[in-house]
Structures are given as structure tokens and as C-alpha cells.
1. It is to be established whether one or more residues within the range 112-133 are modelled with pLDDT under 90 and either small (Gly, Ala, Ser) or farther than 18 Å from residue 162 by Cβ (or both).
2. Among (1) under 22 Å from the mean Cα position of the chain (by Cα); (2) open to solvent by less than 70 Å² (accessible area, probe 1.4 Å); (3) at pLDDT below 85, where does residue 65 come up short?
3. Would you mind telling me which numbered condition in (1) farther than 21 Å from residue 88 by Cβ; (2) open to solvent by less than 70 Å² (accessible area, probe 1.4 Å); (3) assigned to a helix (DSSP H, G or I); (4) among the acidic types (Asp, Glu) residue 164 fails?
4. Return a yes/no flag: does the range 32-51 have any residue that is over 26 Å from residue 155 (Cβ atoms), modelled with pLDDT under 90, over 22 Å from the mean Cα position of the chain (by Cα) and surrounded by 11 or more Cβ atoms within 10 Å (Cβ to Cβ).
5. Checking the conditions here, which among 147, 178 is loosely packed, with under 14 Cβ neighbours inside 10 Å and either at pLDDT below 90 or under 14 Å from residue 68 (Cα atoms) (or both)?
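The values are calculated or read from the model by the stated rules, or taken from the named source; none is laboratory data. None of these values were measured; they are calculated from a predicted model. When we count neighbours, we look across all protein chains shown, and the Cβ atoms used for this are built from the backbone with ideal geometry, even at glycine. Note: accessible area is taken over every heavy atom of the protein model, side chains too, but ligands, DNA and RNA are not part of it. Shrake-Rupley method; radii C 1.70, N 1.55, O 1.52, S 1.80 Å.
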Amino acid sequence: MRFYRRQHSVPELNTTSTADISFMLLIFFLVTTNMDVDKGLTRQLPPADKQEQQESYVSKGTMMTLKITADNKLLVDDKPATMKQLRGRTVAFVNRVGKRHLIKVDVDPSANYDVYFQMQNELVAAYNILRNETAQRLFHQDYALLSQANRDKVKDECPQRIAEQYNGSASQTVPSHSEGGRP
């Protein structure tokens, strides 16, 4: 009697379509993934060419001056203030002066960035309050619930007017008419 050895073959997986499936999954996840980009502070930077800088004349009653000193102290119109007071004072100032207001920001180069960003957050929060009040007065809705056209009307009624002073020179004041996001 003869014994025949049967050849055992190892089963193999068919991998010809693996690359196609991987590529399709990659495309699927790239298309369906939401890539949010966080907004930072939206401000107009000073011009690169120093000769193209603009000068403007503003009456003293329509301008509020914010200064951060080298020792990280906040001065509002040359008087000491806290960050907690800044929001309320900004809202009161803009309500008093109206569209003609200008907020001038002067920061010492050796001041702490954290203090600068706290001040910017308070300014953005103040403008959010002002725009919400304006939206309630005009449209009887919160600013966040308005359509884009109505938001633009509110921005026209309550413009964000912040000028930042660079390098300690008064001739380098550049008004920022851009819009900042929420803090």
C-alpha cells in the first residue's frame, strides 16, 4: 500500500484590492473631517513702508487712551484701572461718544503679552455687549441670531474703532477697522 502525501497549500489572502480600499477610506476621512481654524485677534498691522503711514486728527473728547506700562499696569486716560473695569468703561465711553469714538492702545514693548491679550479680550467683550445691545434695539434679537445683512447693519451702527500705537511714536497710529472674534 502506498501512501501518497498530499500537498498542503497555505491559503493566501487576496490583497489586490487592499490598496484601493485604503485609498477610498483615506479620501472619505479627508472629505468628512471638519478642519476648523481658530481665529486670533484680527487687527490691521502697520504698513511695512514707514513713509506710507497715515496721520489723523481726533478731538480729545472722542478718544479713550489705553496704555500698558512696562510694569504691566493698565492706564485708562492716564489713570490706573483694572482689567475688570475696562469692559464697563469701554461700553460707557462708546455709548457716550457714539460712532465717532476711537480707542487708542499704547503698549510698552517690555510689557507682558498676557496682559496685552487680557486687554484685547476685554475690548472684544465690550464690543460684543455693545453690538448685542444695538441688535436688541434695532431688531429685537441677539446679535448672534441675526442674518449676515443685519449683522452688517449693526456693525455700521457700532463700528469697532481701535488704533494701536507702535514703537512709541504718535505718528505711527494706524486705526483698525477690522472685526475681532469672540474671546
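1. Yes, because at least one residue in the range 112-133 is modelled with pLDDT under 90 and either small (Gly, Ala, Ser) or farther than 18 Å from residue 162 by Cβ (or both).
2. Only one criterion is unmet by residue 65, namely (3).
3. (3)
4. First, the residues of the range 32-51 that are over 26 Å from residue 155 (Cβ atoms): 32-35, 48-51.
Retained after the next criterion (residues that are modelled with pLDDT under 90): 32-35, 48-51.
This time we only want the ones that are over 22 Å from the mean Cα position of the chain (by Cα), so: 32-33, 49-51.
This time we only want the ones that are surrounded by 11 or more Cβ atoms within 10 Å (Cβ to Cβ), so: 50.
Yes, the range 32-51 has at least one match.
5. On inspection, the qualifying residue turns out to be 178.
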